[in-house]
Amino acid sequence: MSTYVIGDLHGCHAEFVALLEKLAFNPDRDRLWLVGDLVNRGPGSLACLREAQQINARCVLGNHDFHLLVAARGGGKLRKNDTLDDILSAPDRETLLDWLQQQPLTVREGETLMVHAGILPSWSLAQAQSLGGEVQNALQGEASGAFLRDLFGNQPDRWRDDLAGMDRLRCIVNVMARMRFITADERLDFAAKQGLDSAPEGFSPWFQCPRTDRARLLFGHWAALSGQTPEAAIDVHALDTGCAWGGALTALTLETGELTSIPSHEAGRKP
């Protein structure tokens, strides 16, 4: 049995299928983890959702997955470059959205944690798992529509243990699904989205901040890293290698650390 952890699909279904074939993935024997952002930007978002559900992949929610849920169930609007119409008009739309809405923000086994964007250096794995569970409960509760309606926003931009209500939930989502750069006191920046040289003054990549445990963190979200985490202070694996932007789709074999990639079929789509 092997566990394969695959980076952001972003609707790149043809590459997803090709990568599974290259891995000789067998759903009766192997396990599949997906680091979020299954949908949007690529041409096969609907097929990616259907495939992930059919093979019972373990997924975490990314910012584009939240965007889909907000558009479908929280009164949000699609953006110009979104490629989500096929999902919203599909006959199995509600089944797929229900499945997506049930996915967690973290998947943990021992000292290994998968999350879409990252976790704060001050959060233990148990704390991150618990905080992600708070969001999952809100997503599955009777007030999930109100939660999705009020989800997006940049404030508060710094975690405090005494945060409550929507501020608390929004901050958890922003850390786990949107974070790239933080300050030494863990304030988040939401403007810089390119490589490491785009860091605002006083900010650094979250993975360059030391932790007090021996966690192994698996994340996606940051295509501009091209899978590289220079000067990382912790054991991290960046798995978004920009398939939707003309890069590649990459899988990590969890047991061996081996990386396997399939080149993008795209001609260089803009992020």
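Scanning the stretch 168-177 for residues that are touching a Gly at 6+ places or on another chain (Cβ under 9 Å) and among the charged types (D, E, K, R) turns up just one, ARG170. Take VAL17 and decide whether it is open to solvent by 20 Å² or more (accessible area, probe 1.4 Å) and either more than 18 Å from ALA90 (Cβ to Cβ) or free of Cβ contacts under 8 Å to residues at least 24 places away in the same chain (or both). Yes. Condition (residue is touching a Phe, Trp or Tyr at 6+ places or on another chain (Cβ under 7 Å) and over 24 Å from CYS59 (Cβ atoms)) applied to the stretch 162-171: is it met by at least one residue? No, every residue in the stretch 162-171 fails to be touching a Phe, Trp or Tyr at 6+ places or on another chain (Cβ under 7 Å) and over 24 Å from CYS59 (Cβ atoms). Please work out which residue is least open to solvent (accessible area, probe 1.4 Å), limiting yourself to the stretch 98-109 and to residues that are part of a helix (DSSP H, G or I) and of a type outside the set (S, T, N, Q). Once the filter is applied, the top-ranked residue is LEU100. Would you confirm whether any residue within the stretch 146-169 is of a type in the set (S, T, N, Q), at pLDDT 95 or above and touching a Pro at 6+ places or on another chain (Cβ under 7 Å)? Scanning the stretch 146-169 turns up no residue that is of a type in the set (S, T, N, Q), at pLDDT 95 or above and touching a Pro at 6+ places or on another chain (Cβ under 7 Å). Restricted to the stretch 110-132, and to residues that are free of Cβ contacts under 8 Å to residues at least 60 places away in the same chain and open to solvent by 20 Å² or more (accessible area, probe 1.4 Å), which residue is nearest to the chain's Cα centre (by Cα)? It comes out as GLN129.
For the stretch 20-35, the candidate set comprises residues that are farther than 18 Å from ILE87 by Cβ and in a strand (DSSP E or B); within that set, the residue that is most open to solvent (accessible area, probe 1.4 Å) is ARG31.
To keep it simple, each residue is scored yes or no on (1) in a loop (DSSP other than H, G, I, E, B); (2) open to solvent by 10 Å² or more (accessible area, probe 1.4 Å).
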residue: VAL39; (1), (2): yes, no
residue: LEU46; (1), (2): no, yes
residue: LEU49; (1), (2): no, no
residue: GLN53; (1), (2): no, yes
residue: LEU61; (1), (2): yes, no
residue: ASP86; (1), (2): no, yes
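Being free of Cβ contacts under 8 Å to residues at least 60 places away in the same chain, hydrophobic (A, V, I, L, M, F, W, C) and touching a strand residue (DSSP E or B) at 6+ places or on another chain (Cβ under 8 Å): is that true of LEU249 here? Judged against the criteria, LEU249 is not a match.
Each residue in the stretch 229-259 was checked for being closer than 27 Å to ASN26 by Cβ and either open to solvent by 40 Å² or more (accessible area, probe 1.4 Å) or of a type in the set (Gly, Ala, Ser) (or both), and 11 pass. With respect to (1) surrounded by fewer than 23 Cβ atoms within 10 Å (Cβ to Cβ); (2) touching a Gly at 6+ places or on another chain (Cβ under 9 Å), the lone exception for TYR4 is condition (2). Going by what's in this entry, would MET176 be described as open to solvent by less than 10 Å² (accessible area, probe 1.4 Å) and touching a residue at least 12 places away in the same chain (Cβ under 8 Å)? For MET176, the condition - open to solvent by less than 10 Å² (accessible area, probe 1.4 Å) and touching a residue at least 12 places away in the same chain (Cβ under 8 Å) - is met.
The values are calculated or read from the model by the stated rules, or taken from the named source; none is laboratory data. Please read these numbers as outputs of a predicted model, since none were measured by experiment. Quick reminder, even Gly has a Cβ in these numbers, built from the backbone with ideal geometry, and neighbours come from all protein chains shown. For accessibility, only protein heavy atoms count, side chains too; no ligands or nucleic acids. Shrake-Rupley method; radii C 1.70, N 1.55, O 1.52, S 1.80 Å.
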